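All remarks here apply to the structure that follows.
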Amino acid sequence: RLILAHKQSTSGRLRFLRLAHGVVAFGPLPARAELLADAPATLAHHPAAYLRAAEDRLGLPAGGLALETDFRAAVRCAGERIEVRLASFTSTDPPFAQARALGGEFIAITEASGAPPLEMELLRLAYTVMLG
């Protein structure tokens, strides 16, 4: 799963892509999922495949997303471990049209209030990585 963010290079404004189901692309996390406090698994799928699939889904060119390697999280639900990674859009401006085509929008973290607590915690972690 991916959290998708855009940091404006000139102003530092940070926005996250929120889809109809939430901020984790491209499907909701299970309702009873919990954030794991332990270190992420050492064996995981290579994120390049996720990035390419996300670029295709969003209609972005190759290289339209970059992995933020300082962010790695995992959640667990019913014994299943789900890795969550953070990717940023490489364009100068967020791809608003592509987001709208998927029923999404770009939001500031403050606009995510009311999201499930797990999503808020993942956004907080992503925010810390993106802005320090």
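The values are calculated or read from the model by the stated rules, or taken from the named source; none is laboratory data. From a predicted model like this one, the values you see are computed outputs, not experimental measurements. For neighbour counting, all protein chains shown are included, and Cβ atoms are generated from backbone atoms with ideal geometry for every residue, glycine included. Areas reflect the complete protein model, heavy atoms only, side chains present, ligands, DNA and RNA absent. Shrake-Rupley method; radii C 1.70, N 1.55, O 1.52, S 1.80 Å.
Can you tally the net charge around Ala87? Count Lys and Arg as +1, Asp and Glu as -1, for every other residue whose Cβ sits under 13 Å from the Cβ of Ala87.
Details: positive: Arg1, Lys7, Arg52, Arg57, Arg72, Arg85; negative: Glu55, Glu68, Asp70, Glu83.
Around Ala87, the charge tally is +2.
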Cα centroid separation - segment 77-119 against segment 1-71, whole Å | 7
With labels modelled as points extended 7 Å from the Cα through the Cβ direction, what inter-label distance (nm, one decimal) is found for Arg57 paired with Met120?
-> 2.5
Which value, in debye to the nearest 20, gives the size of the charge dipole of the chain about its Cα centre, when Lys and Arg are +1 and Asp and Glu are -1 at the Cβ?
-> 100
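What share of the DSSP beta bridges in the chain is antiparallel, in percent to the nearest 5?
Values: 20 of 24 bridges.
Within the chain, antiparallel bridges account for around 85 percent of the total.
Less than 13 Å Cβ to Cβ from Tyr127, Lys/Arg counted +1 and Asp/Glu -1: what total charge do the surrounding residues give? The partial results should precede the final answer.
Values: positive: Lys7, Arg13, Arg15, Arg124; negative: Glu68, Asp70, Glu111, Glu119, Glu121.
Cβ neighbours under 13 Å give a net charge of -1.
In Å², what does the accessible area per residue of the chain work out to with a 1.4 Å probe?
Values: 7190 Å² over 132 residues.
Here the per-residue accessible area is 54 Å².
Report, in deg cm²/dmol and to the nearest 500, the calculated mean residue ellipticity at 222 nm for the chain, where each DSSP H run with n ≥ 4 adds -39500 (n - 2.57) and the sum is divided by the residue count.
Numbers: 3 runs with 33 residues, N = 132.
Result for the chain: -7500 deg cm²/dmol, rounded to the nearest 500.
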Would you mind checking the tilt of helix 117-131 against the longest principal axis of the Cα atoms of the chain, expressed as 0 to 90 degrees and rounded to 10?
-> 50
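Relative contact order for segment 1-93: what is it in percent, counting Cα pairs under 8 Å that are at least 6 residues apart?
Values: 142 pairs, mean separation 33.5, N = 93.
Relative contact order, segment 1-93: 36 percent.
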Pairing the Cα long axis of helix 47-58 with the longest principal axis of the chain, what angle in degrees results, from 0 to 90 and rounded to the nearest 10?
-> 50
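Go ahead and run the numbers for FRET between Glu105 and Lys7, Cβ-Cβ distance against an R0 of 25 Å, rounding to 0.05. Each step should come with its number before you reach the end.
Numbers: r = 17 Å, r/R0 = 0.67.
After rounding to 0.05, the efficiency reads 0.90.
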